[in-house]
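A quick write-up on the structure given underneath.
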Amino acid sequence: MTEKATELVGVQAAEFNLKNYDEAYANFDWKEAETYFSWHKTGQVNAAYEAIDRHVDEGRGEQVALRYSDATREESYTFAQLKALSNKFGNVLRQYGVKKGDRVFIFMPRSPELYAAFLGAVKIGAIVGPLFEAFMEGAVRDRLEDSGAVAIVTTPKLKERVPAGDLPELKHVFLVGAEGELSDKEIDFDKEMAAASDALDIEWVDREDGLVLHYTSGSTGKPKGVLHVHNAMIQHYMTALWILDLRAGDIFWCTADPGWVTGTAYGIWGPWLHGATSVIRGGRFTPDDWYATLEKFKVTVWYSAPTAFRMLMGAGDDLVKKYDISSVRHILSVGEPLNAEVVRWGLKVYGQRIHDNWWMTETGGQMISNYPSMPIKPGSMGKPFPGIYAAIVDNEGNEVPPNTMGNLAIRAPWPSMMRKIWNNPAKFEEYFGLKPWYISGDSAYKDEDGYFWFQGRIDDVINTSGERVGPFEVESKLVEHPAVAEAGVIGKPDPLRGEIIKAFVALREGYQPSDELIEEIRDFVKKGLAAHAAPREIEFRDKLPKTRSGKIMRRVLKSWELGLPTGDLSTMED
Ligand code: WTA
């Protein structure tokens, strides 16, 4: 257990929507939240309607929905304009025979076209599979194949990593910024958009129909497709209200890419369900760029990640003084443990608290959080959202006493809970084996005041800079390299990135360890999987520890790395 924090950081000096956490927790019922949606009256459900068109129908069409900028573009879009653009893409998809329930993937850098395509696909009832732009061919292929995607929206540069010829179910490759000759399956996105009508009959769906499919990593097997449904909007709306503290007129910046769940739940749904302006900054970030973006767009609410805050802390206390970020009234963090030290630094340098919150791809929305109206214990993830029952349970599902470490569990169901793992019902059931709990795979404890403290992962999933990486995927890629006989991959603690990926590798006969070989192997993973999945460290060993059935014992690798006792080795081969 970590050191006990005795300090409490007081209530944020801002107006807030959730005035009294305890009272809300005691009285809140999700049924109440349903009444905030237009489908409560009309019976017609579509998350994209609620997030975009509804504002137009209710007279807010001229408000700015999206402020996009990168090194070469700077554009603003009102809700009316986003409605028109997404309608156009909905029509384009229908023209090509794409229909409700079909999987439509989006594989491109953040841009206005990405958001228009995303919303357009949702409007016709398709399920969107967003792919992070850093994925290489192997990773793209796995996801398209598993989901049976019928269409993908991408760019001329990224299409090189889309093996359309090998994927019979993939019928259409929409190219944003297409140039020159188009080959089989390729369609000029811009040309189709220009010609399409901006009036669309939205596909009304069931609340339980598929909305978005996010692939994420576990410790075994290939990445799994986590399916979320339209009903998740209830939780996106409420958490954006009480955790992000959003309201119309806010200028909200979520720094996550829509390839990850934070970038859809809170880069799209959270702000737009509230009619707030979403700031999207394309390209890579530097500390200067972060502050310049806050200043330029007069951001009021800022949602980022611990690695980002640690980078900003590393850039020094004075950098922020070059910028006017006085518009910012609320700061939040997610994705990995937020060190108490960073919270204290934020108080000193920004004069504000950084509000940590916890959730996962599988939970679909925020679950545990620090609220503006609640005192913070630096280093704690906070308390469960009203309507969510979180607990620490042992391996039999019994709740354990305060300050005892155990499995972080949530009583199922909740509105944004995943509804299936694509093609893998057994995997889905694994999460819910200890009824009535959803077992998160994280370990934590709850203190006597009800605050939750993250302790680590129970499995071997790696969290590097807030990105979830499965060791199995990296190991599988490593052993494809001709020099690699065996590979075991672990997360190694790192002060900036939380963890880095470290690979232990046994070479095949005839290969000698060298710095060049390390570079070559790292590059091989980078090109085959993704840059963020490539091991930063590679260490050669003659043999790797394995069980008698031949499984690499990552636990032993980890204790080698940390210089800890290796524990029970009774299952290890000689
Ligand atoms: C970790 C991201 C500590 C955790 C939204 C979880 C955290 C995994 C926190 C999910 C936090 C997320 N403190 N750890 N506040 N938030 N995590 O699916 O291990 O990309 O299981 O979802 O990130 O990562 P995912």
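At-a-glance table
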quantity: Selection from the range 247-278 of residues that are touching a Pro at 6+ places or on another chain (Cβ under 6 Å) and part of a loop (DSSP other than H, G, I, E, B); calculated: Pro258, Gly259
quantity: Residue in the range 278-287 that is closer than 20 Å to Thr78 by Cα and open to solvent by 10 Å² or more (accessible area, probe 1.4 Å) present; calculated: yes
quantity: Test: residue in the range 364-372 that is more than 11 Å from the ligand (Cβ to nearest atom), touching a helix residue (DSSP H, G or I) at 6+ places or on another chain (Cβ under 6 Å) and within 18 Å of Lys19 (Cα to Cα); calculated: yes
quantity: Hits in the range 462-486 - residues which are of a type outside the set (Gly, Ala, Ser), away from the ligand (no atom under 11 Å from the Cβ) and open to solvent by 40 Å² or more (accessible area, probe 1.4 Å); calculated: Phe472, Val479, Glu480, Pro482, Glu486
quantity: Residue list for the range 221-238, restricted to those being within 25 Å of Trp204 (Cβ to Cβ) and either among the small types (Gly, Ala, Ser) or within 16 Å of the ligand (Cβ to nearest atom) (or both); calculated: Gly225, Val226, Leu227, His228, Ala232, Gln235, His236
quantity: Positions within the range 172-191 being surrounded by fewer than 17 Cβ atoms within 10 Å (Cβ to Cβ) and either in contact (Cβ under 8 Å) with a residue 60 or more places away in the chain or in contact with a Phe, Trp or Tyr (Cβ under 9 Å, 6 or more places away or on another chain) (or both), in sequence order; calculated: Gly177, Asp188
quantity: Residue satisfying condition, being within 22 Å of Ser369 (Cα to Cα) and either within 15 Å of the ligand (Cβ to nearest atom) or in a loop (DSSP other than H, G, I, E, B) (or both), within set Asp449, Asp459; calculated: Asp449
quantity: Number of the condition not met by Asn231 [criteria: (1) under 24 Å from Gln63 (Cβ atoms); (2) assigned to a helix (DSSP H, G or I)]; calculated: (1)
quantity: Some residue of the range 221-232 being within 28 Å of Ala139 (Cβ to Cβ), open to solvent by 10 Å² or more (accessible area, probe 1.4 Å) and among the small types (Gly, Ala, Ser); calculated: yes
quantity: Hey, Asp102 touching a residue at least 40 places away in the same chain (Cβ under 8 Å) and surrounded by fewer than 18 Cβ atoms within 10 Å (Cβ to Cβ) or not; calculated: no
quantity: Lone unmet requirement of (1) without any contact (Cβ under 8 Å) to a residue 40 or more places away in the chain; (2) open to solvent by 10 Å² or more (accessible area, probe 1.4 Å) for Lys377; calculated: (1)
quantity: Yes/no for Trp359 being near the ligand (Cβ under 9 Å from one of its atoms), modelled with pLDDT of 95 or more and of a type outside the set (Asp, Glu); calculated: yes
quantity: Counted residues, the range 296-315 - those being of a type in the set (D, E, K, R), within 27 Å of Met374 (Cα to Cα) and assigned to a helix (DSSP H, G or I); calculated: 1
quantity: Residue count for the range 420-440, restricted to those that are free of Cβ contacts under 8 Å to residues at least 60 places away in the same chain and open to solvent by 40 Å² or more (accessible area, probe 1.4 Å); calculated: 8
quantity: Residue list for the range 487-530, restricted to those being open to solvent by 30 Å² or more (accessible area, probe 1.4 Å), within 25 Å of the chain's Cα centre (by Cα) and under 18 Å from Arg541 (Cα atoms); calculated: Lys492, Arg522
quantity: Failed item, numbered, when Asn395 is tested on (1) open to solvent by 40 Å² or more (accessible area, probe 1.4 Å); (2) touching a residue at least 40 places away in the same chain (Cβ under 8 Å); (3) in contact with a strand residue (DSSP E or B) (Cβ under 8 Å, 6 or more places away or on another chain); (4) over 21 Å from Tyr266 (Cα atoms); calculated: (2)
quantity: Residues of the range 3-44 classified as of a type outside the set (Phe, Trp, Tyr) and either modelled with pLDDT under 70 or under 22 Å from His330 (Cβ atoms) (or both), total; calculated: 21
quantity: Enumerated strands (runs of 3 or more DSSP E) restricted to the range 49-151, each holding at least 3 residues that are among the hydrophobic types (A, V, I, L, M, F, W, C); calculated: 64-69, 103-107, 127-131
quantity: Those residues of the range 406-440 which are within 19 Å of Gly382 (Cβ to Cβ) and either part of a strand (DSSP E or B) or modelled with pLDDT under 95 (or both), in sequence order; calculated: Gly406, Asn407, Leu408, Ala409, Ile410, Arg411, Tyr438, Ser440
quantity: Number of the exception - Leu85 against (1) open to solvent by 10 Å² or more (accessible area, probe 1.4 Å); (2) touching a Gly at 6+ places or on another chain (Cβ under 7 Å); calculated: (2)
quantity: Selection status of Pro109, without any contact (Cβ under 8 Å) to a residue 40 or more places away in the chain and open to solvent by 30 Å² or more (accessible area, probe 1.4 Å); calculated: no
quantity: Within the range 316-344, considering residues that are crowded, with 18+ Cβ neighbours inside 10 Å and in a helix (DSSP H, G or I), the one farthest from the ligand (Cβ to nearest atom); calculated: Val320
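The values are calculated or read from the model by the stated rules, or taken from the named source; none is laboratory data. Not measured: the values here are computed from a predicted model. Every residue, glycine as well, gets a Cβ built from its backbone with ideal geometry; the counts of neighbours run over all protein chains shown. What goes into the accessible areas is simple: the full protein's heavy atoms, side chains included, and nothing from ligands, DNA or RNA. Shrake-Rupley method; radii C 1.70, N 1.55, O 1.52, S 1.80 Å.
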